[in-house]
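As structure tokens, the structure follows; a few thoughts come after it.
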Amino acid sequence: MTNGKIGDYWYEHFSADEFYILPALTSFCFTYLFLLFTALIFAVELKCRQLFHVTYKIFLGSLAAQTIGLILLSIFYARYASTGVHIHGLKLSGKIFESISEFLFILLLLLLGKGFTVTRGRLRLPSAVKLTLFLAQYFILFTFLFFFQEYFFDPGKVLYLYESAPGYGLLLLRLIGWLMFLYGVVFSLKHFPEKSPFYFPFALLYSIWFLAGPITVLAANHLIDTWVREKTTIITEHFVSFIGHISFLVFKLYLTY
């Protein structure tokens, strides 16, 4: 059974909830390749000026992981469109790389919120311990979520990563991460009020970024019809990730020049 005419590349093998995912991912893939190329050129400039800090290296790692994830997912959906055969390992690998990208980006935001490379060269020990514990919990829960999806999700139903108890747990951790981010920003501004031209727009934009994920998932689970849920969530999540990455590059340009 197919959903399109024989030979219809964009519809034949896809279910209704998968329509338009392939063109969206392909567009994001080429956009990220261009963004990664631009970021690498800027990295050369930063290194020449001795400004190639750890935070920018983390950003490059997040950007590279997201790009690799998009390439793998685009290949998966493109092959599926051609043959109708799922290569599960390819899709799983793409999601893992995108999760690594998100993990690194959250680490980056928490470090910047605490003023690392902006107002100070190193974190205080208590701050480093709290950050390590939070990120360890985040990593463990994300790993468990992938395991849960692999062995307990019913592929005959329209289910995606966050339609589970571990998924809601991950959303809760993201909200906790947002509060940690705001806490760090407030104390950075308290001790370095001259950095307010940077921190006010930075905190506002990335507060929206932190909250966009939970809002999208909750809306998808309770307000969006099942047959359009997966594609809506995938496109929205990738758009939010793109805004986060390109905005950081703009902020870095602002700090540098």
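The values are calculated or read from the model by the stated rules, or taken from the named source; none is laboratory data. Here the structure is a predicted model, which means the values were calculated and not measured. Don't worry about glycine lacking a Cβ; one is built from the backbone with ideal geometry, like all the others, and counts go over all protein chains shown. Just the protein is used for accessible areas: all its heavy atoms, side chains included, with ligands, DNA and RNA removed. Shrake-Rupley method; radii C 1.70, N 1.55, O 1.52, S 1.80 Å.
Take Asn221 and Ala136, extend 7 Å from each Cα along the Cα→Cβ direction, and tell me the distance between the two endpoints in nm.
The two pseudo-label positions are separated by 2.7 nm.
Which of the three applies to region 31-81, rounded, prolate or oblate, going by the alpha-carbon gyration tensor with a ≥ b ≥ c and a/c under 1.5 meaning rounded?
Note, shape of region 31-81 comes out prolate.
Straight-line reach from Lys252: which lysines fall under 17 Å, measuring Cα to Cα and dropping same-chain residues less than 8 apart?
Answer for Lys252, where 17 Å is the Cα cut-off: Lys47, Lys57, Lys114, Lys195, listed by chain and number.
What does the charge add up to near Leu189, with Lys and Arg as +1, Asp and Glu as -1, over the other residues with Cβ less than 15 Å from its Cβ?
Values: positive: Lys114, Arg120, Lys190, Lys195; negative: Glu194.
Once positives and negatives cancel, what remains is +3.
Working out 0.36 nm times the residue gap between Thr143 and Val250, then minus their Cα-Cα distance, what length gain in nm do you get to one decimal?
Roughly 35.4 nm would be gained on extension.
If you take the square roots of the eigenvalues of the alpha-carbon gyration tensor of region 167-257 and sort them as a ≥ b ≥ c, do you get rounded (a/c under 1.5), prolate (a/b over b/c) or oblate?
The shape class here is oblate.
Whenever you get a sec, compute what percent of the accessible area on region 163-257 sits on carbon and sulfur atoms (1.4 Å probe). Please list the in-between numbers first.
Numbers: 3620 of 4690 Å².
C and S atoms contribute 77 percent here.
By how many nm would the segment from Tyr183 to Lys91 lengthen if fully extended, with 0.36 nm per residue of separation less the alpha-carbon distance?
Going from the current span to full extension adds 29.5 nm.
Would you mind computing, in nm to one decimal, how far apart the modelled labels at Thr83 and His191 are, each placed 7 Å from Cα along Cα→Cβ?
A separation of 5.6 nm, rounded to one decimal place.
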